[in-house]
């Protein structure tokens, strides 16, 4: 569970940490929250590992979208909540890096829809939602790549902006080592609706990988990173080997210029539709919500 220049400078709020600090806090928190499974059955290669992005790298589309859709079906979200959430996600994904004020707003509201809910309750819902909406959307080709690392005795982590609880469910179901994801603040077993540090995006992913490598004794020059997005260049360039999977236009160009391997499991129309997967997912959900609202207005008129 990843820019554009600022459109004019704004004074940063005194109580809002700078982006580099938030990324570091998020990375350290995510690494600390990562669960580690026992070493694979193969002869362990404990200094090498693989790191996989999730959205459109391991899974078709945006994992957080499917999660939110599953929560909406369970009445955790109203139509208005879902619409606002989709807009925030679309804005963040399209723009990449926004102003400090915009990022502060997105950061503080990203998980507001589970504020006050018990962690155990949301984790249980996540297990069900994975079975219902995500299991059939795993890219078979990427799953094979991950298995190759496991067969070589290497550990495999997901690294994603999706909530760490959901990321851990996905990793567990795929038989991977663990996951680095966005960490939510929890008090007395309940979500506060606030994040610890930053969204697990861009530089925060690199910080999380660095922190995990230090904790686990990994040699990053022997590690491999996989992603579809140029937003993940900090993580990709951190690893000794980078592989672009279902890459967006910018990442494909970077991969070609640097001689990185490119693996594209999309075909025909599917490839065209998933070039910017999370934006497409957001647009789809926005269309569904818009249609539902229009139908409701017609019924009320």
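The values are calculated or read from the model by the stated rules, or taken from the named source; none is laboratory data. This one's a predicted model, so the numbers in the text were calculated from it and none came from an experiment. Cβ coordinates were reconstructed from backbone atoms using ideal geometry, including for glycine residues, and neighbour counts include every protein chain displayed.
Couple of notes before you dig in:
- The lone exception for residue 108 - which of (1) touching a strand residue (DSSP E or B) at 6+ places or on another chain (Cβ under 8 Å); (2) part of a helix (DSSP H, G or I); (3) surrounded by fewer than 19 Cβ atoms within 10 Å (Cβ to Cβ); (4) at pLDDT 75 or above it fails: (4)
- Of the residues making up segment 163-194, those that are touching a strand residue (DSSP E or B) at 6+ places or on another chain (Cβ under 6 Å) and in a strand (DSSP E or B) number 12.
- Filter result (surrounded by 11 or more Cβ atoms within 10 Å (Cβ to Cβ), modelled with pLDDT under 80 and within 24 Å of the chain's Cα centre (by Cα)) within segment 4-21: 6, 16, 17, 19, 20
- Candidate set from segment 195-204 (those that are in contact with a strand residue (DSSP E or B) (Cβ under 7 Å, 6 or more places away or on another chain) and part of a loop (DSSP other than H, G, I, E, B)); member that is surrounded by the most Cβ atoms within 10 Å (Cβ to Cβ): 200
- Residue count, segment 142-162 (criterion: in a helix (DSSP H, G or I) and surrounded by 14 or more Cβ atoms within 10 Å (Cβ to Cβ)): 7
- Meets criteria (buried (at least 18 other Cβ atoms within 10 Å of the Cβ), at pLDDT below 95 and over 30 Å from residue 219 (Cα atoms)) for residue 103: yes
- Qualifying residue in segment 55-67 (condition: modelled with pLDDT of 95 or more and in a loop (DSSP other than H, G, I, E, B)): yes
- The criterion of at least 2 residues that are over 19 Å from the mean Cα position of the chain (by Cα) and either within 12 Å of residue 57 (Cα to Cα) or modelled with pLDDT under 95 (or both) is met, among helices (runs of 4 or more DSSP H) falling completely within segment 214-284, by 268-273.
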